[in-house]
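Take a look at the structure below.
The values are calculated or read from the model by the stated rules, or taken from the named source; none is laboratory data. Because the structure is a prediction, the values reported are computed rather than measured. Neighbour counts run over all protein chains shown; Cβ positions are idealised from the backbone, glycine included. Note: areas computed on protein heavy atoms with side chains; ligands, DNA, RNA excluded. Shrake-Rupley method; radii C 1.70, N 1.55, O 1.52, S 1.80 Å.
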Amino acid sequence: MKKYIYTLSVVTLVFFFMSCTDKIETLVEENLVEVATGDNGEIAVEVQATTDLFVGFNSLKIEVTNLTDNTSINDATVTIMPMMHMMTMSHSCPVDNKTATLSEKGTYNFDVVFVMPSGDMGYWEVTFKVEVGGQIQEVIVPVTVVQPEETKLISFVSEFDQTTKYFVALIDPKSPQVGENDLEVSVYKKASMMDWPSVEGLSFELEPWMTSMDHGSPNNIAPVAIGNGHYKGKVNFTMTGDWEMRLTIKENSNVIGTPVFTTVFQ
Amino acid sequence: MKLRITLFLLVGLYGSVFSQEETVYKAWQDSIKNPDYIMKNILYLDEMDVVESQYESNNPLVAQVRKDKSMATDDLLHCLPGVNMMRRGNFASEPILRGLSSERYVVSIDGMRLFGACTDKMDPASSYIEPNNLANIDINLGNDEAIDGASTGGCVSFNLKTPKFNANKRVFARVGMKYNTVAKGFDQLVDLNLNKNNLAIRSSFVHRKAQNYKAGGGNEVRYSQFEKYNYSFAMSYRLPHDQLLSFTFLGDDAIDVGYPALPMDVSFAKAKMFSLNYYRMNLGKLKEVEIKAYHNFVDHAMDDTKRDAADVPMHMDMPGNTYTSGFYAQANLLDSLKAKIEYYNTFAHAEMTMYPDVGSPMYMLTYPDVVRNSASISLDYNKIFLKRNLLKMGFRYEKAATFIISDFGEQQLNVFNMSGKDPKKMDLINANVSISRKIKKSTELKLTTSYGQRLPTTSEQFGFYLYNRQNGYDFVGDPDIKKEGAWQNQLMAVWHKKKIRTHVAVFHYQFHDYIMGIYASNYSNMTIGAKGVMFYENTGKASLMGGEWSLMSDITKTTHLMSTATYSYGYDFENDPLPLIPPLKITNSISQKWKGFMIQPEVIWSSAQNNISAKFGELSTKSFLLMNLRLYKTFQLKQGAIEMSTGIENIADTNYREHFDWGNIPRLGRNFFMNLSWRMK
């Protein structure tokens, strides 16, 4: 009888907990943290994100403040240019939208794919150009980019032409769970140090794989293009543990690469 | 008053009682009450329920199960014609009724529903009781008693012993023990009944412990050990106007049980059952009014830590539990109509955590917190007409809803584009009509037509990657699976002269929406080494036919012969043989009285079974011949009596397996057993 009551209470607790975590997650998504700031004496730029900036696909929310009267600047057109400064060279990284106007939520939003972490090799700076009524101001914001625990960005040289370097960023699932998960990736190539265009027209194969047991999962949907170099599908996990998301990417029916994202969840 | 109470306790065990004076009817009743009457397959086991003269049966089969007080439930059921036992080890066999396994029949313990908690069917409900607790076992082969429950294959009712009121026997006690050589098994049992004035108490205790058994030829079957404790306490209190209030508790703890045919063993399997019962003999026009409320739970944990490391590709924890509560109320009206309303609620949870050598543990729900609610109403009507005929009709309507309450489980189902959160509702109808006719004094005929429907089991509806060792596939349930139904026709004939009694039953079952696992080639297995995935589906038609025959003959006054033969044949929607079909099996036993001893030689022959279900992973089974010899003797003492049963089973040490045994594991080799029990006068 004790066990029964115990189990019932556990079940209730689990439910309670589950409903709580749902709420916490939504709160966290809303709950942006300031990851970097910078100013040029006249205007200040505050960079917000849900986590520390990491190697991979980052959604940045920017607030611009007029320092003279401490008011938000809401009517600007903002342009972004991230730069990695290394010993001998500098390079940029993929950005989905180079310019932005104010979003409904009151921020300027940019999707940036940092391709390497800050560290001994070099440091990141993001240059914002804020244009209001024809006047352009520039603010340089130093940012720190960390290498995430689970790889969110994979780069490879095309297996087909052996020269083009591609970058695949894993956008979803952010916090994978047992069951059905959205899978979204975006793909870019390095055209030059400063030019990292998104790649359209790719086709995908997807195989989730549990290496410790050597099995997959059924009913997955390989990502298909949704525009802007983004590809969306579904990935299914039948249990917790170590999963691989094995992708095969084809361009004009030639395999260009087979990146594997690994995820662990309880 | 006392007499009447004792009587009604007796009567309760015999089913409904009729007041008509018709001689034919009395003859029917008498034949049903006759403990040797195997047509209805009731075995009376409580010597306090049956008068001594009848209890000392000449029927070798009945004698065997009554004399061997330490017999296990498995062995006992195995004795009944039409019943076979599916073995996965030396413990907790699953009864097979005419080739149909536990999905297709209803098991009730004193009218209570109890559901095993193991996803691999390691714990059929029958494993949680002991014959020592049983007043009788009532088996309906085929679904000719709709009132027993919604099934397509029949019903096994275990009825528990009740505390007895007997002014002349204030205290009754029995102590017994049994040893067998084949598994070095040692069993003990204690049984106690006390009564004073309006209160009666019964308590029992059984302990069994066995090592690995030796198969025919002497090879030890590893991981076939077991140990179990079974304990019960029951209390009855008499109220005025022939009312009785009872409380029953039954506990069963099995520990360290090996399953050689499965990849895992069991560290423990525990069940606790509680029930509260109210009984009233007469209430206006109603008779035998009974109301029962009950609760039971099962806690089960599989274990692979005792296996050789080479046999365990990955360590796993697989616990499971079920909780079931319910009540029923039943009464007889006008002696010929019995009505019952019943409700139960059951919950099943089972999970699996796998621990790889490298990497994180993997967790999944194999029973995703499945809840089932079921309410039913049933009627049973008996009528004598034209003196020689007995009409019996039964009808049952059940409404059931099944759903899951785990979000995690729902996410798992989403992988298959399925959902279990919304209740899956089902209406089930079971009906039966039978006509029995007495042709002359010596011949009885009974024709039964029935229609039955059953609910899918938890595994069939919500099982998630359940590995079936027999065919090597992972099984996945279908939340939207439909109910299964079956039309059944049975013809039974009993012919008896003074010294001879023979009984023949032939049956034909026609299933629709027969539920079985179907291989899905586009899915990959989860279990390491499995061949693929099978989904439970309603496959369409399946047929099963066969028969049982028995002969009892009093060769001389002291020599009695009993022969039984059973045969079945069945095929599925693709005309492939159904699994678990018993081959032709013939049992001959003789009981010979000699100087106070009863000697019982027995020869069992089974034909080979080559009509096998490849889908089920069955292997063909060779023909075998077994010989057993048993000896019974009762020593009367001043203070009670000592009953002895001893013998040799499988005398020739034949290495054999029955067709229902998993994993090509042979059954027990030559076994000497000795059972002694002392009972009070």
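Quick look at the values:
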{"item": "Integer Hz, Karplus 6.51/-1.76/1.60 couplings in order for the stretch B:431-448, x for Gly and Pro", "result": "8, 8, 10, 9, 10, 10, 9, 9, 9, 6, 7, 9, 10, 10, 10, 9, 10, 10"}
{"item": "Under 11 Å, Cβ to Cβ, from B:N655 - net charge with Lys/Arg +1 and Asp/Glu -1", "result": "+4"}
{"item": "Surface share of carbon and sulfur [accessible, 1.4 angstrom probe, percent] for the stretch A:33-143", "result": "47"}
{"item": "Cross-link reach list, lysines versus B:K531, counting only Cα pairs under 17 Å and skipping chain neighbours closer than eight places", "result": "B:K615"}
{"item": "Net charge, B:F158 excluded, C-beta distance under 9 Å - Lys, Arg +1, Asp, Glu -1", "result": "-2"}
{"item": "13 Å tail of the calculated P(r), the stretch B:353-401, as % of Cα pairs", "result": "76"}
{"item": "B:N655-A:Q135 pseudo-label distance in nm [points 7 Å out on the Cα-to-Cβ vector]", "result": "9.9"}
{"item": "Contact surface B-A: accessible area buried, both sides summed, square angstrom, 1.4 angstrom probe", "result": "2500"}
{"item": "Largest-first principal axis extents of the Cα set of chain B (Å)", "result": "71, 56, 49"}
{"item": "Accessible heavy-atom area order of A:T211, B:T654, highest first, probe of 1.4 Å", "result": "A:T211, B:T654"}
{"item": "Distant alpha-carbon pairs in chain A (separation over 23 angstrom), percent", "result": "60"}
{"item": "Equivalent ellipsoid, the stretch B:194-330 (semi-axes from 5 times Cα gyration tensor eigenvalues, Å)", "result": "43, 17, 12"}
{"item": "FRET efficiency for B:D311 and B:I555, using Cβ-Cβ distance with R0 set to 56 Å, rounded to 0.05", "result": "0.60"}
{"item": "Selection of trypsin sites (Lys or Arg not before Pro), the stretch B:424-461, meeting DSSP coil and at most 13 other Cβ within 10 Å", "result": "B:K440, B:K441"}
{"item": "Across B:K440/B:K595; B:K69/B:K557; B:K161/B:K228; B:K164/B:K184; B:K340/B:K440, pairs whose alpha-carbon gap is larger than 28 Å", "result": "B:K440/B:K595; B:K164/B:K184; B:K340/B:K440"}
{"item": "Å³ per residue enclosed by the Cα convex hull of the stretch A:33-143", "result": "103"}
{"item": "Charge tally in the Cβ shell below 9 Å around B:P319, where Lys, Arg are +1 and Asp, Glu are -1, B:P319 excluded", "result": "-3"}
{"item": "Karplus-derived HN-Hα couplings along the stretch B:633-643 (A = 6.51, B = -1.76, C = 1.60, θ = phi - 60°), whole Hz, x at Gly and Pro", "result": "7, 10, 9, 7, 10, 4, 9, x, 8, 10, 9"}
{"item": "Signed unit charges on C-beta, dipole axis of the protein assembly as shown, positive-most listed residue B:T539, B:I384, B:G284", "result": "B:I384"}
{"item": "Spatially proximal lysines relative to A:K189 (Cα-Cα < 29 Å; intrachain offsets below 8 disregarded)", "result": "A:K61, A:K98, A:K129, A:K152, A:K165, A:K174, A:K232, A:K234, A:K250"}
{"item": "For the stretch A:54-102: accessible area per residue (Å², 1.4 Å)", "result": "46"}
{"item": "Cα-based helix-to-principal-axis angle, A:2-30 vs chain A, degrees rounded to 10", "result": "20"}
{"item": "Apportionment of accessible area to carbon and sulfur, chain B, percent (1.4 Å)", "result": "60"}
{"item": "Computed helical MRE - 222 nm, the protein assembly as shown, DSSP H runs ≥ 4 contributing -39500 (n - 2.57), nearest 500", "result": "-2500 deg cm²/dmol"}
{"item": "Heavy-atom accessible area per residue - chain B, 1.4 Å, Å²", "result": "38"}
{"item": "Placed amide H near B:G420: partners under 5 Å, 5+ positions off or other chain", "result": "none"}
{"item": "Cα-Cα separations in the protein assembly as shown greater than 51 Å, expressed as whole percent", "result": "33"}
{"item": "Chain A: most fluctuating residue of A:I221, A:I136, A:I43 per GNM, C-alpha cutoff 10 Å", "result": "A:I136"}
{"item": "Distance in nm between pseudo-label sites at B:A339 and A:N97 (7 Å out along the Cβ direction from Cα)", "result": "7.1"}
{"item": "Principal axis dimensions, largest first and in whole angstrom, of the stretch A:153-265 by Cα", "result": "42, 24, 24"}
{"item": "For chain A: relative contact order, % (alpha-carbon pairs under 8 angstrom, 6 or more apart)", "result": "14"}
{"item": "Rel. contact order, % - alpha carbon contacts under 8 angstrom, at least six apart, chain B", "result": "11"}
{"item": "Exposure rank, largest accessible area first [B:K67, B:K121, B:K499; 1.4 Å]", "result": "B:K499, B:K121, B:K67"}
{"item": "Other-chain or far-sequence residues with amide H under 5 Å of B:Y473's (modelled H)", "result": "B:N468, B:K531"}
{"item": "Accessible area (Å², 1.4 Å probe, nearest 10) - B:H503", "result": "20"}
{"item": "Cα→Cβ-extended label distance, 7 Å offset, between B:I291 and A:M194, nm", "result": "8.9"}
{"item": "B:S677 accessible area, 1.4 Å probe, all protein chains in place, Å² to nearest 10", "result": "0"}
